[in-house]
Amino acid sequence: MQRFDCLKKLAQVAGDALVVSSAGAVTLEWNALRPGDGNFRVRTLGLCSSIALGMALGLPERRVIALDGDGSLLMNLSSLPTIARMKPKNLLHIVFDNEVYEASGSKKTATGAGTDLVGLARAAGIENAQWAESVEVFAQVAERALKGDAVSFIGVKVGTERAPVGPYPMDEVENKYRFIRYVEKSANIAILKTNLPASYD
Amino acid sequence: MKCALIYPIFGVNRIATIQRRSSLNTTAAAQIIVNALRGAGINLVATLPDINLSELLREVEESRELIHVPVCREEEGIGICAGAYLVGKKCAAIMQNGGFFNSNNAIVSTLLQYQIPLLLLIYYAGDVGDRTFSTTGSLTEPVLQALGIRYYVMRETEDAPELIRRAQILTEDSKRPVALLLTKELLGRRPALKAL
């Protein structure tokens, strides 16, 4: 199974969900399939699930999708019990598990030695956690999760192939501003404010 | 005895009186700090306990205006606060300085790299007068300085509202984290009374 094929299915059902993607190729592939300012690229390995949790808690009426990897989640396993504790109904946490640190020289991760990320998620208290064994099953489970009202976790075992895609189109600071402006507009809220100069007082 | 000098006792049970007084102080200090956070517009707080933060975290937990996110590791809290900021929340992360060290990669490659503001409330373990974690204490300010994070050591509870208000303005304006170091006396706790 290829990650890119799963992402194609996800792009069909993601709607206006905010999408946070882990450091690595998944970000580039997702941006090629659903370009736009509702995507946020994470640069700190491991932090994808936590940043997505913060968004889900901060904007509970909006769907948030975390596109995580095995190396990333293994670095921040403690995010699983925190997600389970906070139970954000609007969060879908997807982990593409290719069993290697793909962006760091393809060394084997612990999942390549048998660690079961879905098992860890369930044990942490995320009841709605499952493996998707095929692209079709992934599409069904993801769509159901996005319509449901409980935090969901989907694991997908994928190969190490990368789709031929372009670079990410902006740096971190521009990503931040565009993302925030997109949230402001689509959720009809004001986030970034400035003040009049003191001479106007 | 020294404690009798510092805490003059007029009654029967000196220890109980000190404990009662200390407990009153810690609760009052915690309420002052949480009220100040709310007054500064903070509405989401990620926390990890230290014994000296007990009353403060209880007040955070009990506050209806605050979304409280108890984390398992402090670096998570940095991510949670960054994510919440991106969708419009004003956040604070409360931790011990050991947890600040745990958070450094996220502070650098998320907060500083993306220019995301965050109020860091860091319990100053190993501060002068504290008996534990002196190495952590000795390295706390140098690490904050190395990261270019502006910080203030808070000792007077009555100054807390103004400092918290100003720190929130500074983090928003600079789009960088700002740290407030919470000392024992700020939190209404007694520093160690005498050398061993």
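Between B:LEU118, B:LEU37, the distinction of being within 30 Å of B:ALA192 (Cα to Cα) and in contact (Cβ under 8 Å) with a residue 12 or more places away in the chain belongs to B:LEU37 only. Put simply, of A:GLY125, A:GLY105 the only residue that is of a type outside the set (Phe, Trp, Tyr) and within 20 Å of A:ALA52 (Cβ to Cβ) is A:GLY125.
Contact annotation: residue pairs with Cβ atoms under 7 Å, 6 or more positions apart or on different chains, pairing a residue in region B:66-83 that is in contact (Cβ under 8 Å) with a residue 40 or more places away in the chain with a partner that is assigned to a loop (DSSP other than H, G, I, E, B), are B:ILE78/B:SER103. Would region A:42-51 turn up any residue that is away from chain B (no Cβ under 14 Å), in a helix (DSSP H, G or I), of a type in the set (Gly, Ala, Ser) and touching an Asp or Glu at 6+ places or on another chain (Cβ under 9 Å)? No.
Return the residues of region A:74-95 that are over 10 Å from the mean Cα position of the chain (by Cα) and away from every other protein chain (no Cβ under 12 Å); say none if nothing qualifies. It would help to see each step written out before you state the result.
Narrowing region A:74-95 to residues over 10 Å from the mean Cα position of the chain (by Cα): A:74-90.
Matches in region A:74-95: A:LEU74, A:LYS89.
What residue, of B:ASN102, B:ASN97, B:ASN52, is closer than 24 Å to A:ARG41 by Cα and more than 10 Å from chain A (Cβ to nearest Cβ)? Walk me through it before giving the result.
On the way: B:ASN97 fails: closer than 24 Å to A:ARG41 by Cα; B:ASN52 fails: closer than 24 Å to A:ARG41 by Cα.
None of the other options fit; the residue is B:ASN102.
Count of region A:168-193 residues, restricted to those that are at the interface with another protein chain (Cβ under 10 Å from one of its Cβ atoms) and assigned to a loop (DSSP other than H, G, I, E, B), is 6. One residue stands out in region B:138-196 among those that are modelled with pLDDT of 95 or more and small (Gly, Ala, Ser): the one that is farthest from B:ILE42 (Cα to Cα), namely B:SER138.
The values are calculated or read from the model by the stated rules, or taken from the named source; none is laboratory data. All values derive from a computational prediction rather than experimental measurement. In this analysis, Cβ positions are derived from the backbone assuming ideal geometry, glycine residues included, and neighbour counts consider all displayed protein chains.
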